[in-house]
1. Among residues belonging to region 253-276 that are in a helix (DSSP H, G or I) and β-branched (Val, Ile, Thr), point out the one that is nearest to the chain's Cα centre (by Cα).
2. Out of all the residues in region 9-40, which are surrounded by 11 or more Cβ atoms within 10 Å (Cβ to Cβ) and under 16 Å from Leu101 (Cβ atoms)?
3. Of everything in region 107-128, what is modelled with pLDDT of 90 or more and of a type outside the set (A, V, I, L, M)? Give them in sequence order.
4. Which one of these is part of a helix (DSSP H, G or I), aliphatic (A, V, I, L, M) and modelled with pLDDT under 70: Ile177, Ile191, Ile181, Ile230?
5. For residues that are buried (at least 16 other Cβ atoms within 10 Å of the Cβ), in contact with a helix residue (DSSP H, G or I) (Cβ under 9 Å, 6 or more places away or on another chain) and free of Cβ contacts under 8 Å to residues at least 60 places away in the same chain, scanning just region 269-296, find the one that is farthest from Val395 (Cα to Cα).
6. Looking only at region 297-323, which residues are over 16 Å from Leu367 (Cα atoms) and in contact with a helix residue (DSSP H, G or I) (Cβ under 8 Å, 6 or more places away or on another chain)?
7. Go through region 273-317 and report how many residues are closer than 25 Å to Pro254 by Cβ and either of a type outside the set (S, T, N, Q) or modelled with pLDDT of 90 or more (or both).
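The values are calculated or read from the model by the stated rules, or taken from the named source; none is laboratory data. Here the structure is a predicted model, which is why all the values come from computation and not from measurement. Methodologically, a virtual Cβ is constructed for each residue, glycine included, from the backbone with ideal geometry; neighbour enumeration extends over all protein chains shown.
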Amino acid sequence: MLSQKSLRLEFALKLLPIFAALVFGFSYLVYSMIERGIYNGIERDMIEQTRALVGDDITLQGEIGFAKTDRNGAIFYRLEYKNAEAQKVNIERDITQEFKLLKEIRNVVLAANIISFILIPFVAGLYSYFLARPIRTLTEELAKMDERSLSPISEAQNAPIELQPLTKTLNLLLTRIKGHIAYQRELFAGIAHELKTPLAVIRTKNDVTLLRTRTPEKYQETLRETNRVIDEINKMTKSVLYIGRAEYAQFDPPETIDICRFLTTKAKDFALLAEEQKRELIVKVEPKSLVIETRPTLISHIVQNLFSNALKFTPEGSRIFFQSAFEGERFTIKTIDEGEGIAEGFDLFAPFAGKGKQKGAGLGLYLAKNAAMALGAELTIKNRADRQGAIATLVIEPIKPILLN
């Protein structure tokens, strides 16, 4: 019924010697206590008889010895006493009945041990069944799930203390998977919609052009318009291909890097772009050095996207702030712009969620959000308190630095 790889079998095999040792040890202890109790009672009686004969406290002033002998099946217990004057007293007592009683008790204990050893495998199996029960319940809940019914494990709060970290991790993972699937659905629906519109424009433009004979200039105009729409489709196709590369980057193994120096290098590149587009970049990267294990490709993608977004919506002559800080186990990276802010209820992270008059496929923040989820980080964008721009924050936690300066 149980395979060699069964968790229950592993439990049972480990419990067998433990239960056997407990039964044997307990039986031996009980029998030893009974035997010692009977002999102690006999010795006390014999000492009292000796005290009555010699009129002395033999427990303090003499030497006492006890010996057991077997005479033709009869068991005798002898007390040998010698006081300070070398006077000797020997007292014997027939303990055959007590000896037989102890033998019967020993036989009963031995029989109980044999029966216990026969029952131990069944007890160990039953005990292992109850030990594995929470894991089986957890497995059954996970087995019921598919992409249409991803919900937190309902037994998470009632799980044993040892399994609660696992159930919490699984619930967190399920939440991330559910969010990722939802974004994927939005992405595919958005791709279909965004591709359908330019193709419809090309078809309509061509149909109108073919209704009657036109001048070469009109045909050229139609071709130019068609090329423009094709360029938009190519741009969108590149964005979709970039999604594939970004998804693949989520499976890159973590690397040990100095995150602060990494951000400082990025900030230098950002400063050149800001200067070229007549914006001022103010950088404040703290601490000076923080060595951690992370996926630099994903970090780079996120911060580049956040800076590009801030650059896009910040007017000429305004400032962009790029900063980081390490607080406890939280490491935050922020970009703060002086743009127009965010409209209430607008989902910036939805695919193809273009904003304002700025052109683009609307996939940048969607990709950044997915990259943050792959890092186990949190990405948020909110308006500044003074409503003079937005603050994009990447929070990486918990983070344990390898080296901090």
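1. The first filter runs over region 253-276 and keeps only residues in a helix (DSSP H, G or I), leaving 259-276.
Imposing the further condition that a residue be β-branched (Val, Ile, Thr) reduces the set to 259, 264-265.
Working: Ile259: 24, Thr264: 32, Thr265: 33 Å.
Result: Ile259.
2. Residues satisfying the conditions are Val30, Tyr31, Ile34, Glu35, Ile38, Tyr39.
3. Of everything in region 107-128, just one residue is modelled with pLDDT of 90 or more and of a type outside the set (A, V, I, L, M), namely Asn107.
4. Numbers: Ile177 fails: modelled with pLDDT under 70; Ile181 fails: modelled with pLDDT under 70; Ile230 fails: modelled with pLDDT under 70.
Being part of a helix (DSSP H, G or I), aliphatic (A, V, I, L, M) and modelled with pLDDT under 70 holds for just one of Ile177, Ile191, Ile181, Ile230, which is Ile191.
5. In the first step, residues of region 269-296 are kept if they are buried (at least 16 other Cβ atoms within 10 Å of the Cβ); the result is 270-271, 274, 279, 281, 283, 285, 290, 292, 294-295.
Retained after the next criterion (residues that are in contact with a helix residue (DSSP H, G or I) (Cβ under 9 Å, 6 or more places away or on another chain)): 270, 274, 279, 281, 283, 285, 290, 292, 294-295.
From what is left, the residues that are free of Cβ contacts under 8 Å to residues at least 60 places away in the same chain are 270, 274, 279, 281, 283, 285.
Working: Phe270: 20, Ala274: 24, Arg279: 26, Leu281: 21, Val283: 18, Val285: 14 Å.
Among them, the one singled out is Arg279.
6. Hits for region 297-323 are Leu311, Ile320, Phe322.
7. 17
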